[in-house]
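Q: Got a structure for you, written out below as structure tokens; questions coming shortly.
The values are calculated or read from the model by the stated rules, or taken from the named source; none is laboratory data. All values reported here derive from a predicted model rather than from experimental measurement. Heads up, the Cβs are rebuilt from the backbone with ideal geometry, glycines too, and the neighbour counts pull from every protein chain shown.
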Ligand SMILES: [Zn+2]
């Protein structure tokens, strides 16, 4: 069994359901301390973060990732126990195998081999680990980035280990992510008897007109790297339960995944004006905003593309789809950010699994990226 696989297995056997790190970060630190990395804990609340850096000079290359995993769901539905880390027929099983303990293990062994071969490499290498990516993501990467920025420790290049591949390892990398804007819209009307509608003002009717308009809105066209902005309603609520009562208010929870061509403030304005067209009294409680990010072609993207071509024989497809990632907190500092990890088909599902050989290949690709970038 390869070192990468052994480390991935040991990480999976620690049931680090978000935000509980279960000493996964200690395990990674133990692997890298003998190779000249210096650990620094940056814990906030119940979230554990670890900054592991080798070198004091710039430029700074960072591998970023998370040690927390999503809950298992019903364990009896798993073919193998979710924290067993069993390797069966070449597949490593368990919660976090693909998202993203396999990537963490690949980063560790890539760093080990690289610094053994290049003990006096230029610049610095660091790992940024958090146990709060799958949870609220409030005390995780964003806090570490704030602390690093406050002391002027700037990241030049960052590879995030999120599982980006779809059919074959490295077929897709992410050079950006859409933004996420959401909120709860409450429309207020006047409660009354359904038989006396002239005395009532039905907020469900008003809300449905607003929802219809927003669903039919063309927000933007997208661009070369980003699909067009989309709007979805996830929850709708209204009514007293009685069939003869017009309720006093109605609510909808909604979310937009947006392309950087639309700013969050412009989208907020457009939503508010649609509400005004159909309701006299309403309130929108906006959820915390996830900003989009985009990494343009440059030294990091080239290093990732060339390394994938060399190791897997294929150039990757660039993509910005999927959910948000911690890349959104790192990119605003000016860092080039690219996400590259294993197949994402089983992430957050029962029977999460990753191809064991893919992790060794991923480790080789990560090492090549270091080779190319820290010349
Ligand atoms: Zn993840």
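Q: Has the stretch 71-80 got any residue that is more than 20 Å from residue 360 (Cβ to Cβ), crowded, with 24+ Cβ neighbours inside 10 Å and at pLDDT 95 or above?
A: No, the stretch 71-80 has no match at all.
Q: Could you check, for the stretch 245-260, whether at least one of its residues is surrounded by fewer than 16 Cβ atoms within 10 Å (Cβ to Cβ), within 29 Å of residue 177 (Cβ to Cβ) and touching a helix residue (DSSP H, G or I) at 6+ places or on another chain (Cβ under 9 Å)?
A: no
Q: Quick one: is residue 139 out of contact with any helix residue (DSSP H, G or I) (no Cβ under 7 Å at 6 or more places or on another chain) and within 16 Å of the ligand (Cβ to nearest atom)?
A: Against the criterion (out of contact with any helix residue (DSSP H, G or I) (no Cβ under 7 Å at 6 or more places or on another chain) and within 16 Å of the ligand (Cβ to nearest atom)), residue 139 does not qualify.
Q: Additional query: Any idea which of (1) closer than 26 Å to residue 136 by Cα; (2) in the same structural domain as residue 277 (by TED's automatic domain parsing); (3) at pLDDT 95 or above is the one residue 197 doesn't satisfy?
A: Of (1) closer than 26 Å to residue 136 by Cα; (2) in the same structural domain as residue 277 (by TED's automatic domain parsing); (3) at pLDDT 95 or above, only one is false for residue 197: (1).
Q: Among the residues of the stretch 83-94, are any touching a strand residue (DSSP E or B) at 6+ places or on another chain (Cβ under 7 Å) and under 28 Å from residue 146 (Cβ atoms)?
A: no
Q: Considering only the stretch 243-269, how many residues are outside any helix (DSSP H, G or I) and free of Cβ contacts under 8 Å to residues at least 60 places away in the same chain?
A: 8
Q: Among residues belonging to the stretch 43-70 that are crowded, with 22+ Cβ neighbours inside 10 Å and closer than 19 Å to residue 13 by Cα, point out the one that is nearest to the ligand (Cβ to nearest atom).
A: If we take residues in the stretch 43-70 being crowded, with 22+ Cβ neighbours inside 10 Å and closer than 19 Å to residue 13 by Cα, then 66 is nearest to the ligand (Cβ to nearest atom).
Q: Here's something else I'd like to know. Inspect all residues belonging to the stretch 98-114 and state whether any of them is in contact with a helix residue (DSSP H, G or I) (Cβ under 7 Å, 6 or more places away or on another chain), assigned to a helix (DSSP H, G or I), within 18 Å of residue 323 (Cα to Cα) and more than 14 Å from the ligand (Cβ to nearest atom).
A: no
Q: Can you run down the residue pairs with Cβ atoms below 6 Å, 6 or more apart or on separate chains, where the first is in the stretch 93-117 and outside the structural domain of residue 22 (by TED's automatic domain parsing) and free of Cβ contacts under 8 Å to residues at least 40 places away in the same chain and the partner is surrounded by fewer than 24 Cβ atoms within 10 Å (Cβ to Cβ) and not in a helix (DSSP H, G or I)?
A: Correct list of pairs: empty, since none qualify.
Q: Specify the residue that is farthest from residue 114 (Cα to Cα); the eligible residues are those in the stretch 16-31 that are surrounded by fewer than 23 Cβ atoms within 10 Å (Cβ to Cβ) and over 20 Å from the mean Cα position of the chain (by Cα).
A: 22
Q: Does residue 119 satisfy the condition of being part of a loop (DSSP other than H, G, I, E, B) and more than 25 Å from the chain's Cα centre (by Cα)?
A: yes
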